[in-house]
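The values are calculated or read from the model by the stated rules, or taken from the named source; none is laboratory data. For clarity, every value in this text was computed on a predicted model and none was experimentally measured. Methodologically, a virtual Cβ is constructed for each residue, glycine included, from the backbone with ideal geometry; neighbour enumeration extends over all protein chains shown. What goes into the accessible areas is simple: the full protein's heavy atoms, side chains included, and nothing from ligands, DNA or RNA. Shrake-Rupley method; radii C 1.70, N 1.55, O 1.52, S 1.80 Å.
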Amino acid sequence: MAFIDPVTLSARGVTLAPLSLEHETGLRAAAADGELWRARITSVPEPAQTRAYIEAALEGRDHQQRFAFAVIDSASQTVLGTTGYHDILPAVKRLEIGYTWYARRVQRSHVNTTCKLLLLAHAFETLGCHVVGWRTDIFNLASQRAIERLGAHKDGVIRGHMLRRDGTIRDTVLYSLRSGEWPEVRAHLNDLLDRPRG
């Protein structure tokens, strides 16, 4: 039995649907909005690699190591990007949120906060997770700010952790949130989403 069953999550005009090959064209278009694959500190696929990217995510799902979602605008059904769970450890009820990227036009909008609210609520309230984690490149300062804005705790840095696509070796910053912290973080995220955006 899988720890994470296929599920579609939705709130505030954003839908998270299990990533599938039918999202390939939309995901390629989302990455093209800002040529996101050009950033050396992200895992965004080049256009020709979009199908392989999705296939790798599906293989991770088959092995219960990763569960990727397409991020979709609920009204237009336009694919905005992707996010999901990875490093899933059912025995200790821990997983991480990552492989997250969005079309440039929706970055710094309500989309990321909404996605994290949906993923965290599902992890803590449905899956019964004790800990949810994040990791990011030490030079991805925007990602670090976004994770910290959620209320996650910075756990530390793994030095010389993994290769970037350009062959350089990255240090990885780790963050986490425990289940006992979730009620306050949930209230914080809802408050952020309820504020008018200027």
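Miscellaneous remarks
- Computed FRET value (nearest 0.05) for ARG145 with ALA11, which takes r as the C-beta separation and R₀ as 35 Å: 0.95
- In the context of the full set of protein chains, residues of the chain present 51 Å² of accessible surface per residue (probe radius 1.4 Å, heavy atoms only).
- With viscosity 1.002 mPa s and temperature 20 °C, the Kirkwood radius over alpha carbon pairs of the chain converts through Stokes-Einstein to a diffusion coefficient of 125 µm²/s.
- Once the trypsin sites (Lys or Arg not before Pro) in DSSP loops with at most 16 neighbouring Cβ atoms within 10 Å are cut out of the chain, the longest remaining piece is 41-107.
- Projecting the Cα atoms of ALA121, VAL14, THR136 onto the dipole axis of the stretch 1-146, where Lys and Arg carry +1 and Asp and Glu carry -1 at the beta carbon, places THR136 farthest toward the positive end.
- P(r) weight above 23 Å for the stretch 82-198, C-alpha pairs, percent: 30
- Extension gain, HIS153-GLU184: 0.36 nm per intervening residue step, less the Cα-Cα distance, totals 9.8 nm.
- In Å, descending, principal axis extents of the Cα set of the stretch 99-158: 32, 29, 18
- Gap separating the Cα centres of the stretch 72-89 and the stretch 127-154, nearest whole Å: 17
- Total charge dipole magnitude, the stretch 1-99, about the Cα centre, Cβ charges on Lys, Arg, Asp, Glu only, Debye to nearest 20: 260
- Hydrodynamic estimate: the Kirkwood radius of the stretch 87-126 over Cα pairs, inserted into Stokes-Einstein at 4 °C and 1.567 mPa s, corresponds to D of 112 µm²/s.
- Carbon + sulfur, % of accessible area of the stretch 40-107 - ligands and nucleic acids excluded, 1.4 Å: 49
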